[in-house]
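K.L.:
So that we are looking at the same thing, I have put the structure below in structure tokens.
The values are calculated or read from the model by the stated rules, or taken from the named source; none is laboratory data. In this text the structure is predicted, and so the values were computed from the model without any measurement. We place every Cβ from the backbone using ideal geometry, glycine too, and count neighbours over all the protein chains shown.
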Amino acid sequence: MKTADFMYDLPESSIAQTPAEPRDHSRLMVLHRDTDQIEHRHFYDVIDYLSPGDVLVVNDTRVIPARLLGERVPTGGACEVFLLKQLAPKKWETLVRPGKKLRAGAQVSFGGGKMIATIGETTDAGGRIVDFECDGPFEAALDQLGEMPLPPYIHEKLVDKERYQTVYAREEGSAAAPTAGLHFTPELMNRIREKGVEIVPVLLHVGLGTFRPVKVDDVENHEMHSEYFEVTQEAADKVNAAKARGNRVVAVGTTSVRTLESAAENGKLVAKKGNTAIFIYPGYHYQLVDALITNFHLPGSTLIMLVSALYDREKILSAYETAVKEGYRFYSFGDAMLIL
């Protein structure tokens, strides 16, 4: 299977630069796998496709202001440090730009000296280990000095930082938002609960690798990035009860999918925490996920491969072509797709 099989043409004008207002007024393409029918709705209509007894699984990770802009000490050259994974209270795996010019022991100052980063060893993935020094908790300094890590294809400044968070975001640790969840409002979630659908949180801290294109020709040769996840016993019990009743598990976003399938054993969800590098592409047999709410993904990405594994590669690409023709908005702040 070739990476080129998952490419498609997308006009730059189709890439959403700002989120829909209100959140749930984005568009929703509904794909029916049993009939191959496509419907064009709005996201607030998603409730029409959920049944009492179903479980809606969401990723309640919270995005941190992971982008730090500073100056090299003592030369004053500009330097960007992007936080990827916390290793200790003030030690992180990061991306540093320009990283190749910085030797181990080099220092970067942020906020006029309010925080100092000491650049350490290079990781196998090309990142850098960085130790931070600041007065008080690192999280407080980061909240003051950091910027939200919007994807590079979004060129407009985000006025409200909370628009790059889901309304149910809880546990800080992501370098990017689980964007399928950005469409939900508290009111819509309450209506879903009132219908008898249980909303079940799981956790996966999203890393930047999620959005990187696959650079190898053969899909099978791609090495997936690793991300931290957690599934509680309560979440496992609720998902397993729904499956036993014959109800559906509806995953919100590819990160929820990866969490569920990483913690699946013999068709059941088990309480588990750790790191996952699960790579889902056509040929994969889903153990738990029955339906998926997702955004429209980058060409050649692991995300479009995951979606194609749930339905059919050619039909997914055909739906993407339809979405372009129908004026859907793509990527993080774009419209949504529901695969039933």
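K.L.:
Residues that are more than 23 Å from Thr94 (Cβ to Cβ) and not polar (S, T, N, Q): which strands (runs of 3 or more DSSP E) entirely in segment 195-268 hold 3 or more of them? Walk me through it before giving the result.
P.N.:
Details: elements: 198-204, 227-231, 249-252.
Hits in segment 195-268: 198-204, 249-252.
K.L.:
Scan the strands (runs of 3 or more DSSP E) fully inside segment 1-105 and keep the ones with 3 or more residues being closer than 30 Å to Glu220 by Cα and free of Cβ contacts under 8 Å to residues at least 40 places away in the same chain. Step through it out loud before you land on a result.
P.N.:
Details: elements: 27-31, 38-42, 55-59, 61-63, 67-73, 78-88, 91-97.
Hits in segment 1-105: 91-97.
K.L.:
Please go through segment 96-128 and give me each residue that is under 24 Å from Val63 (Cα atoms) and either among the basic types (Lys, Arg) or under 23 Å from the mean Cα position of the chain (by Cα) (or both), ordered by number.
P.N.:
Val96, Arg97, Lys114, Thr123, Ala125, Gly126, Gly127, Arg128
K.L.:
Could you tell me whether segment 316-338 includes any residue that is surrounded by fewer than 20 Cβ atoms within 10 Å (Cβ to Cβ), of a type in the set (S, T, N, Q) and part of a helix (DSSP H, G or I)?
P.N.:
Pass one, segment 316-338, residues surrounded by fewer than 20 Cβ atoms within 10 Å (Cβ to Cβ): 317-318, 321-322, 324-327.
Filter again for of a type in the set (S, T, N, Q), leaving 318, 322.
The next check asks that each one be part of a helix (DSSP H, G or I); those that pass are 318, 322.
Yes, segment 316-338 has at least one match.
K.L.:
Checking the structure you have, find out if any residue of segment 151-161 is within 30 Å of Ala88 (Cβ to Cβ), at pLDDT 90 or above and outside any strand (DSSP E or B).
P.N.:
Within segment 151-161, the first condition is being within 30 Å of Ala88 (Cβ to Cβ), and the residues that meet it are 151-152, 158, 161.
From the residues that got through so far, the ones that are at pLDDT 90 or above too are none.
No - not one qualifying residue is present in segment 151-161.
K.L.:
Now, a different point. Check Ala140, Ala180, Ala169, Ala175 and return the single one that is within 28 Å of Val73 (Cα to Cα), in the same structural domain as Ala251 (by TED's automatic domain parsing) and either free of Cβ contacts under 8 Å to residues at least 12 places away in the same chain or surrounded by 13 or more Cβ atoms within 10 Å (Cβ to Cβ) (or both).
P.N.:
Values: Ala140 fails: in the same structural domain as Ala251 (by TED's automatic domain parsing); Ala180 fails: within 28 Å of Val73 (Cα to Cα); Ala169 fails: within 28 Å of Val73 (Cα to Cα).
Only one candidate passes the filter, namely Ala175.
K.L.:
Is it the case that segment 165-177 has a residue that's in contact with a strand residue (DSSP E or B) (Cβ under 8 Å, 6 or more places away or on another chain) and assigned to a helix (DSSP H, G or I)?
P.N.:
Filtering segment 165-177 down to residues in contact with a strand residue (DSSP E or B) (Cβ under 8 Å, 6 or more places away or on another chain) leaves 165-166, 168-177.
Narrowing the set further to residues that are assigned to a helix (DSSP H, G or I) leaves none.
No, every residue in segment 165-177 fails to be in contact with a strand residue (DSSP E or B) (Cβ under 8 Å, 6 or more places away or on another chain) and assigned to a helix (DSSP H, G or I).
K.L.:
Turning to a different aspect of this structure: Return the only residue of Val219, Val214, Val206, Val200 being crowded, with 17+ Cβ neighbours inside 10 Å and under 13 Å from the mean Cα position of the chain (by Cα). Please lay out each step first, then the result.
P.N.:
Numbers: Val219 fails: under 13 Å from the mean Cα position of the chain (by Cα); Val214 fails: under 13 Å from the mean Cα position of the chain (by Cα); Val200 fails: under 13 Å from the mean Cα position of the chain (by Cα).
One residue alone meets the criteria, Val206.
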